[in-house]
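To keep things clear, I will list the structure first and then write my remarks on it.
Bear in mind that the values in this text are calculations on the coordinates, not laboratory data. Every value quoted in this text rests on a predicted model; they were computed, and no experiment measured them. As a convention, Cβ positions derive from the backbone with ideal geometry for all residues, glycine included, and neighbour counts pool all protein chains shown.
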Amino acid sequence: MNLPIKMTINEIISHLLEAKKILLLCHVSPDGDCIGSLVALGRALQRLNKDVCMASEDKIPGSLRFITEPGEILLTNEITEKFDTAVAIDSGDMQRLGLIGQELFSKADFRINIDHHSSNPLYGDLNLVQPQRAATGEIILDLIFNLGIEIDRSLAEPLYTAIFTDTGGFRFTNTTKDTLNKAALLVGYGASPNLISHEIYENKPLGYFKMLALAFGRFTIDEKICYTWISFDEMAEFGLDFEASEELSTFAKMLENTKMSLVFKQKEENLVKVSLRSQNGYDVAKLAEKFGGGGHKQAAGCTINAPLDVAIKEMLHAAKEVDH
C-alpha cells in the first residue's frame, strides 16, 4: 500500500504488534545502515516478545560486527522456517535481498518494505520509503519511537552507526539538520561517537592497506571519470572478505576535477559489483539502473554478470553518455 507517511507508520506498527513470527532481511553486501537498522529493529521487536529472525544473504563485514552479538544475524541459507511477516530493510528493490532473501520475502504472508532510496519501486504490501532521509536508520528510529520502546545503548549504538556510515561520517550532502539532531539524540541514549568511528575507520588489518595501495595505484581518469578495480583473487591474497572492498568508493570520490568515480569489485569469476559516486549533479542512480541496479543520485550500485575487463568496458561506455 502507498499511504501517506503517518498512516503508513501506523499501519506498520499495527501489523508488527499483531505479527507472531517476523523475518528481518537486509541487502546483499550489507553496509552500516542496513545492519544497524536491522539490529535495532530486531532488538526492539524482541522486547515486545516477538519471535524475530534477523538475516543477511552475505556475511557481516568485520568492521560492523561490533554492533552485533554472536549468532544474532543468520545467513539466509540457514533459514528453513516460514514467517507471517517479512520486513525488507534498506533494500532499493527486491533483487537486493539476494536470491534466497527474495524467496523468503515472497513466501511470507505479509511483506513490509522500509527504505530511503528514491529508486525503490514500492514492492511491499506496506511501503515506508522516505528518500529525503539520509539513512534508513533515521526511519527505523522514528518507528521505534512510535512503537513506544525505550531506547538504550543497545539500540542507540546500531542506529548511530547506520546514520554515521550512510552520511560518510556526516560529510555527504544527505546530512541535514534533522540527521544531526537524531545523531545527537542517540549519543544522549548511550551511543559513543568515538567508539563507532574507531571501529568503522580505524581498526583495519594489514591486508586492507595492501588492497588500498593496489587499487590506488590503478586509479585511471577517462573523460573526468575516475575508476579502479580489484579482483577476487587479490582480495583472497590479502586475506580479506569481499565486503572489505566496499570503502574503495569513498576514496575514489575524493579525486579532484572528476565528475564521477567507478569502483569495480570482482566477487566471482563472472560477477562484478560496481560502486558509483558522482560530483556536480551527475545522476549515477540512472546509470546504475541501466545495469539492473539503483540507489541515490550521487551514490548508487549495480552488479554486472561478466568478466572484470568486460564489466569495466561496458560501464565506462555507458558512463560517458551520462548527462546532469
At most 10 other C-beta atoms within 10 Å and a DSSP loop state: those are the exposed GluC sites (Glu not before Pro) I care about. Give me the longest piece of the chain that has none.
1-80
In the structure displayed, which of Lys253/Lys313; Lys265/Lys320; Lys224/Lys273; Lys204/Lys290 lie more than 24 Å apart, Cα to Cα?
Lys204/Lys290
Cut-off 10 angstrom, C-alpha nodes, Gaussian network model of the chain. Which of Phe242, Phe209, Phe66 fluctuates the most?
Phe209
Tell me, Kirkwood radius of segment 5-199 from alpha-carbon pair distances, in Å?
16.3 Å
Using r as the Cβ-Cβ distance of Asn181 and Glu256, and R0 as 30 Å, what FRET efficiency do you calculate, to the nearest 0.05?
0.40
Dipole of segment 90-224, positive direction: furthest Cα of Gln102, Thr175, Ala135, with charges on the beta-carbon:
Thr175
Could the peptides 112-122, 84-94 be put in order, highest first, of the mean number of other beta-carbon atoms found within 10 Å of their residues?
84-94, 112-122
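Report, to one decimal in Å, the Kirkwood hydrodynamic radius for segment 158-222 based on all distinct Cα pairs.
After inverting the pairwise mean of 1/r, the radius is 13.7 Å.
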Whole angstrom only: what separates the Cα centroid of segment 206-232 from the Cα centroid of segment 286-323?
17 Å
Signed unit charges on C-beta, dipole axis of segment 1-121, positive-most listed residue His117, Thr80, Thr8
Thr8
Kindly count the pairs of lysines across segment 1-156 whose alpha carbons are less than 15 Å apart, treating pairs on different chains or eight or more residues apart as eligible.
7
Which net charge results for the neighbourhood of Asn113, defined as the other residues with beta-carbon distances under 12 angstrom from its beta-carbon, given Lys and Arg at +1 and Asp and Glu at -1?
-2
Rg(Cα) of segment 206-319 divided by 2.2 N^0.38 Å?
0.98
